[in-house]
Structures are given as C-alpha cells and as structure tokens.
Amino acid sequence: MTRDVSEPADRNDDRRTPTAWQRARAAFNGCFGRRHEHAPPTSDTGSPAPQQVPGADTLWRMRTTVKDEPGSLAALCTVLAVQRVDILSLQTHPLAEGTVDEFLLRAPAGLLAPDLAAAVGSAGGTDTWLERADAHDLVDAPTRVLGLAARTALDAAELPLALRQLLGRCTIRSRPAPAGGGRAPDGAPVEGALDDTVMRLRAPEGGTITVERPYLPFTPTEFARARALVELDARLGPRVPQGSDVLTLAEGSGITVRRADPRDLPAARAMHERCSPRTLRLRYHGPVGDADRYLNHLLSPRHGRTLAVQSASGRIVGLGHLLWDGDETEVALIVEDAWQRRGVGAQLLARLVGMAVEAGCAGVYAVTQASNTAMVAAMRGLGLPLDYQVEEGTLVITARLGEAVPAGAEELGSTSAP
C-alpha cells in the first residue's frame, strides 16, 4: 500500500458549502445539538508540503514494515543508497510480527513516490507509506516530544494540539464522563486501548479521548507516547496561562481580557442573569433557560479556549470562545447588555482570531442570526475575506485567515486599545 500525499487537498472544494449549510441548520435547531469533535485544525501538524523547487532535493517521510531478522534493515538501506537517497533519521517500532521502520529521507527531485516505494518493496519492505516532509521534520523525535510536553505543561488547552502534532493528521474526539461518576459504555480502561487505527485514552477529567487515523495504523510506540502525554496532563491538573490585557475603551472605561476556565463558572452564570432574553437567544440559538447548561462545556480547555472580559469591579461582562470543530474552528461571543456597543466584542474577536492563527487554523466561522448586526459588524471589522451562508434566519460567517493578523490579535499579554 503506497500513498503519495504530496499535494494537499483543496480546502475550498465543493464539500465546503453543504458543510456550512448543515451547521446553519443545526444551529437553528439548537447550538449544542451539533457534534463538536474537539479536534484541533489539520494544519496544526506543521506547514503544508512546500512547492517543488527545480533541481532541489525532496524530503520524504516514509514508513515500511520489514521482517524482524538480521540483515533486513541493511538490505533496505542498500537499496536506498543505490537510489542516491540519504537517510536523515530512523526510528524503529517493534511489533509482534516484523518491525515498522520510520525514515526521514532526502531524495533526488526526480525520484517519484511510486519508484521509491517499488525500490523499498524489492528489498522486502511491505505496507510502505510515503508523505512529503519539510524542514520542521528535521527535529529529532526526543526533542519534538519534549517540546510538546512543555507546551502541554503550560496550558491544559494545548493537549489536543500536542496530540495532533505528535500523531499527524487524525481526528480527536473528547467524551466527558457520565453524570454520577459511572463508566461510559465505551470508556477507555485506565491503561488505554489500541486497535489498529484507533486509540482510546482515559481523559484527565475521567472521560475518554478517542484518536483515529484511518490512513495509517498506530504503532505501540506512538500509543505509549500519546498515553504519556495524557498522563502528564492529568498529573499537572487544571492550568491556564495567567497573562492578561488591560485595555481602555473609547469612552474611557477600563477592562481586562484574560483566559477563562471552569473556575469562572459562577461568575459566568451571574453574567447570564444580567443578560436580556434577546442577548441569550442571539448567542445560544435556543431556549433562554438552557443557556447555563452550556457553560461547563464552553469553559473546558479540552474543547477550545475561552477569553473573559472583566470590568474594573471584577465582574465578567463578556465571554469569547474558540472551539475546535473537526478541521475547522468556531468563534462565539456574548457581551452583557450594559457593555454592548462599546467595542468589547471586537476586542474579544480579534484576540480569538489571533489564537486561531497561532494554532494554524485556515479559517474560523461564527454561527449567528441574520438580525445580529453586532456580530456581523465585528466579523467585518476583522478586515479578512468572508464567506456567508444563510438559511431560515441563521447565518454562518466564515473568515479565511491568511498571514496577516488583525489588529489587537497578538498573543495575550500585550496591551492595546481600540
């Protein structure tokens, strides 16, 4: 089996439109009726494969299975040398039958993937998989894993992103533990479970993290690394960076923007009580009485990142959410009535988009109602290309993110004003 994925799929193909329409319909029936997979964006695994430069060598990631016997690896290396392929790094993954060898290769530009796979097959390699690589892959595995551990240690919200970088393109689903502390029917055992292209891990908060990678089976080594990363996260407990921005709005009021987490649940509920029914309906697209039950989910770092806006008195007066949704990312805002039309939403949105850019997102979308002119204006104020989908009064606005970051979207910790 050989797969050449040197050409990334076009993200703007015809599949985009029905997906947006489906989200719009689901949002109209209830915001959290849709399934959020809580997976970081695909592009977070690193930069896309670079364009071919005439005359330049090509970097490849290759994985192949060889017999676990003396001389099998030597035969494979000899064939690669004949093809003038330079082995930059090699990892071995022992299995019950055979060994999976994972290479980073530098090959002549004229050597195509099918020819390289055929050469490997002639040396006894089976189930060969090839993918274009880039300079990011030159970092050795121990250094990369240590970097991901440090990233996770600083911020609990980084765990899905770190798993994505560790394991490549995959789908990550997070399911909470059932109410009452019972074990879910498909809950992972404490030690986790590995089944070919699916691994299940016990989430730090007691739920289950399911990782799927249909195009390439996981090895026991990858499973052990992922489990160690999750165990590190569990030992460290809840943690959110403490940085904040102190801003002065146009009319002179001072606000603070900071990261939020489940400890802010009481203050967030109090903000809901101060919001009008119209504000709650515009945000949650459903019965006003259901708004509070979404907060546990929204404030969890497993599902994305949340920013809170505090007034000078310490009250939370606004919340902004960046939510992983498969290969895309949703943004959502709520600002209590007394603080609307002051630029609070624009400040929140700019910072959420900055986080999305930092995470490698290709775009963000907002699900709202066509009558929510404040949200529409905030999205337009980003100065980014926008796509609109409308159905029965529900509006999905998608902003396509490029290299430019909107004003005020720098990482939290800087100080700016509108």
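The values are calculated or read from the model by the stated rules, or taken from the named source; none is laboratory data. Bear in mind that the values here come from a model prediction, so they are computed numbers and not experimental data. Neighbour counts run over all protein chains shown; Cβ positions are idealised from the backbone, glycine included. The accessibility values were calculated without ligands, DNA or RNA, using every heavy atom of the protein model including side chains. Shrake-Rupley method; radii C 1.70, N 1.55, O 1.52, S 1.80 Å.
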* Structure fact -> Met62 passes all but one of the listed conditions (1) over 30 Å from Thr208 (Cβ atoms); (2) within 27 Å of the chain's Cα centre (by Cα); (3) open to solvent by 50 Å² or more (accessible area, probe 1.4 Å); (4) in contact (Cβ under 8 Å) with a residue 40 or more places away in the chain; the exception is number (3)
* Asked: In the range 91-99, is there at least one residue being in contact with an Asp or Glu (Cβ under 9 Å, 6 or more places away or on another chain), on the phi > 0 side of the Ramachandran plot and not hydroxyl-bearing (Ser, Thr, Tyr)?
  -> yes
* Only listed residue being farther than 22 Å from Leu401 by Cβ, among the acidic types (Asp, Glu), surrounded by 18 or more Cβ atoms within 10 Å (Cβ to Cβ) and over 27 Å from the mean Cα position of the chain (by Cα), chosen from Glu273, Glu336 -> Glu336
* For the range 124-142, what are the residues that are closer than 16 Å to Val79 by Cβ and open to solvent by less than 20 Å² (accessible area, probe 1.4 Å)? -> Gly125, Thr128, Leu130
* Any pair with Cβ under 7 angstrom, 6 or more apart, that starts in the range 311-331 at a residue that is over 12 Å from Tyr365 (Cβ atoms) and ends at one that is open to solvent by 10 Å² or more (accessible area, probe 1.4 Å) and of a type in the set (Ser, Thr, Tyr) -> Val317/Ser311
* Structure fact -> The residue from Thr306, Thr256 that alone is among the β-branched types (Val, Ile, Thr) and either modelled with pLDDT under 90 or within 18 Å of Glu158 (Cβ to Cβ) (or both) is Thr306
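Of the residues Arg106, Arg84, which single one is open to solvent by 50 Å² or more (accessible area, probe 1.4 Å) and touching a Phe, Trp or Tyr at 6+ places or on another chain (Cβ under 9 Å)?
Arg106
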* Asked: Does any residue of the range 218-235 turn out to be open to solvent by 20 Å² or more (accessible area, probe 1.4 Å), in contact with a strand residue (DSSP E or B) (Cβ under 6 Å, 6 or more places away or on another chain) and not in a helix (DSSP H, G or I)?
  -> no
* Which condition number does Val376 fail, the rest of (1) in contact with a Lys or Arg (Cβ under 9 Å, 6 or more places away or on another chain); (2) modelled with pLDDT of 90 or more; (3) closer than 20 Å to Arg283 by Cα being met? -> (1)
* Asked: Has the range 283-293 got at least one residue that is open to solvent by less than 10 Å² (accessible area, probe 1.4 Å), more than 22 Å from Ser244 (Cβ to Cβ), assigned to a helix (DSSP H, G or I) and not β-branched (Val, Ile, Thr)?
  -> yes
* **Leading residue by the ranking (farthest from the chain's Cα centre (by Cα)) among those in the range 388-408 that are farther than 12 Å from Ala362 by Cβ, at pLDDT 70 or above and open to solvent by 70 Å² or more (accessible area, probe 1.4 Å)** => Glu392
